[in-house]
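Participant: One structure coming up, written as structure tokens, with questions to follow.
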Amino acid sequence: MSSGFDFDHQINRAATHSVKYDGRQAMFGISEVIPAWVADMDFAAPPAVTQALIARAKHPIYGYTLFPDSTYDALIHWMKRRHDWSIQRDWIILCPGVVPSINAAVMAFTQPGESVIIQPPVYFPFFSAVTQTGRILTQNPLRLQNSRYTLDFDHLEQCAKQAKLLLLCSPHNPVGRVWQPNELEQLLQIAEKRNLIIFSDEIHADLIYPGNQHSALAAIAKNNAKIITAVAPSKTFNIPGLNLSALIIPDDSTRSAMTKIFDNFHVSASNPFSIAAFEAAYQEGETWLEALLIYLHDTRDCVEAFLAEHLPEIKVIKAEGTYLLWLDCRTMNMTDAQLKHFFGHEAGVGMNPGTQFGKEGSGFMRLNIGAPRKTVLSIMHKIKQAWHNKNN
């Protein structure tokens, strides 16, 4: 490729203890499927990341590790450069992953029996973080109109009367929306009126397609609201297995409450390898990311064009961000169980059933396009052939 990064190169991930590959049998009841489910990519991480890991591995002691100033600086500079958000070191809590942080937020700001708002169809750990801690799940479903999802503010206003916490997904997984500043401002107005704390999962913030712009919720709020922003290099640079993310929390009391939960569990994200990768990604991975975004954009458009021409029964919800496509399969006239069987056992493609993201996902499937384009087009052809066989 002209960028110098070969995203077409196919890397064999089988037998690497990969959830996406080695977990196929458990997920689909069949191992011979092209995996397009778990949200990691089949691309090599940026060369700078691999080089940093090799360099650290050459020191033969892997002991308890502190976070150096350079780790915080890498994130601070990245947020300013990529998102025009000036953050302070004191606002940052480094932590082991966004999902544990969601659970920590639920525990920090609500009591059992209190209400937490989610906006389905949404990433499934949002559900379990609420239900498994004895909180009440209050659902404010997104509205689907003219093949585009929007926030239902009137309903949110009603939900917020009783709730303490809102779990926001921005950009949204799985529907691919990049929320606009006016939408986020309206959300903030409701939160301020109802004294609602917001956990904003912005892990996909760097993966935005042309014509869209991610806005950090806390930056729009002028850093004075009770907002926990979760970010990480994991999706951006394909290093989720290294388990290092960050919470950015400008409000002192909100940050103290989160810190207390992590301290109580003695949870530490300090790991010599995750630190090396975190810094290298944010300091030296930008050129790689720019090339990746072009590649993903072209793949997204290829999928849309293929389905429009060959499989109009499947409609793609236009992704504004993320490498996840939300496929509307409702006109295929199959139950959710039939859809799962069709894609997995007849087409040989392993995707996430939409029902994993709530009942609003019924009739949908989530497709991960973070793979060489040849693989993604092979998926398209396998689905086309299976559909042809089914109807002839």
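The values are calculated or read from the model by the stated rules, or taken from the named source; none is laboratory data. From a predicted model like this one, the values you see are computed outputs, not experimental measurements. Positions of Cβ are generated from backbone atoms using ideal geometry, with glycine treated the same way; all protein chains shown enter the neighbour counts. Remember, those area values only see protein heavy atoms, side chains included, never the ligands or the DNA or RNA. Shrake-Rupley method; radii C 1.70, N 1.55, O 1.52, S 1.80 Å.
Participant: Test VAL130 against the stated conditions and say whether it is more than 19 Å from the chain's Cα centre (by Cα) and among the aliphatic types (A, V, I, L, M).
Facilitator: Details: more than 19 Å from the chain's Cα centre (by Cα): no; among the aliphatic types (A, V, I, L, M): yes.
When the stated conditions are applied, VAL130 does not pass them.
Participant: All but one of (1) in a loop (DSSP other than H, G, I, E, B); (2) of a type outside the set (Asp, Glu); (3) in contact with a strand residue (DSSP E or B) (Cβ under 8 Å, 6 or more places away or on another chain) hold for MET334, so report the exception by its number.
Facilitator: (3)
Participant: Could you tell me which residue of the stretch 315-342 is surrounded by the most Cβ atoms within 10 Å (Cβ to Cβ), considering only residues that are over 23 Å from the mean Cα position of the chain (by Cα) and within 22 Å of LEU377 (Cβ to Cβ)?
Facilitator: LEU339
Participant: Further question on the same structure: Mind listing just one residue for me: the one in the stretch 1-56 that is modelled with pLDDT of 95 or more, part of a loop (DSSP other than H, G, I, E, B) and among the hydroxyl-bearing types (Ser, Thr, Tyr) and, of those, least open to solvent (accessible area, probe 1.4 Å)?
Facilitator: SER18
Participant: Considering only strands (runs of 3 or more DSSP E) fully contained in the stretch 112-156, which possess at least 1 residues that are touching a Pro at 6+ places or on another chain (Cβ under 6 Å) and modelled with pLDDT of 95 or more? Reasoning before the result, please.
Facilitator: Details: elements: 115-118, 136-139, 143-145, 148-150.
Qualifying strands (runs of 3 or more DSSP E): 136-139.
Participant: To continue, here is another question. Is it fair to say SER86 is open to solvent by 30 Å² or more (accessible area, probe 1.4 Å), farther than 29 Å from ALA74 by Cβ, outside any strand (DSSP E or B) and among the hydroxyl-bearing types (Ser, Thr, Tyr)?
Facilitator: Numbers: open to solvent by 30 Å² or more (accessible area, probe 1.4 Å): yes; farther than 29 Å from ALA74 by Cβ: no; outside any strand (DSSP E or B): yes; among the hydroxyl-bearing types (Ser, Thr, Tyr): yes.
So SER86 does not fit the description; no.
Participant: While we're looking at this one, here's another question. Considering only residues that are open to solvent by less than 50 Å² (accessible area, probe 1.4 Å) and farther than 24 Å from VAL175 by Cβ, which ones fall in the stretch 365-386?
Facilitator: The answer is PRO372, SER378, ALA386.
Participant: Yes or no: THR299 surrounded by 23 or more Cβ atoms within 10 Å (Cβ to Cβ) and touching a residue at least 40 places away in the same chain (Cβ under 8 Å)? Before you say what the answer is, go through the steps one by one.
Facilitator: Details: surrounded by 23 or more Cβ atoms within 10 Å (Cβ to Cβ): no; touching a residue at least 40 places away in the same chain (Cβ under 8 Å): yes.
For THR299, the condition - surrounded by 23 or more Cβ atoms within 10 Å (Cβ to Cβ) and touching a residue at least 40 places away in the same chain (Cβ under 8 Å) - is not met.
Participant: Could you grab me the full set of residues in the stretch 348-392 that are without any contact (Cβ under 8 Å) to a residue 60 or more places away in the chain, of a type in the set (S, T, N, Q) and not in a loop (DSSP other than H, G, I, E, B)?
Facilitator: Within the stretch 348-392, the subset without any contact (Cβ under 8 Å) to a residue 60 or more places away in the chain is 353, 355, 362-363, 365, 381, 385-386, 388-392.
Those left that are additionally of a type in the set (S, T, N, Q): 355, 362, 385, 389, 391-392.
Residues satisfying the conditions are THR355, GLN385, ASN389.
Participant: Moving on to the next point. Among the residues in the stretch 57-69, are any open to solvent by less than 40 Å² (accessible area, probe 1.4 Å), of a type in the set (Gly, Ala, Ser) and touching a helix residue (DSSP H, G or I) at 6+ places or on another chain (Cβ under 6 Å)? Step through it out loud before you land on a result.
Facilitator: First pass over the stretch 57-69, keeping only residues open to solvent by less than 40 Å² (accessible area, probe 1.4 Å): 63, 65.
Cutting the leftovers down to of a type in the set (Gly, Ala, Ser) gives us 63.
When the remaining residues are screened for being touching a helix residue (DSSP H, G or I) at 6+ places or on another chain (Cβ under 6 Å), the result is none.
No, that holds for no residue.
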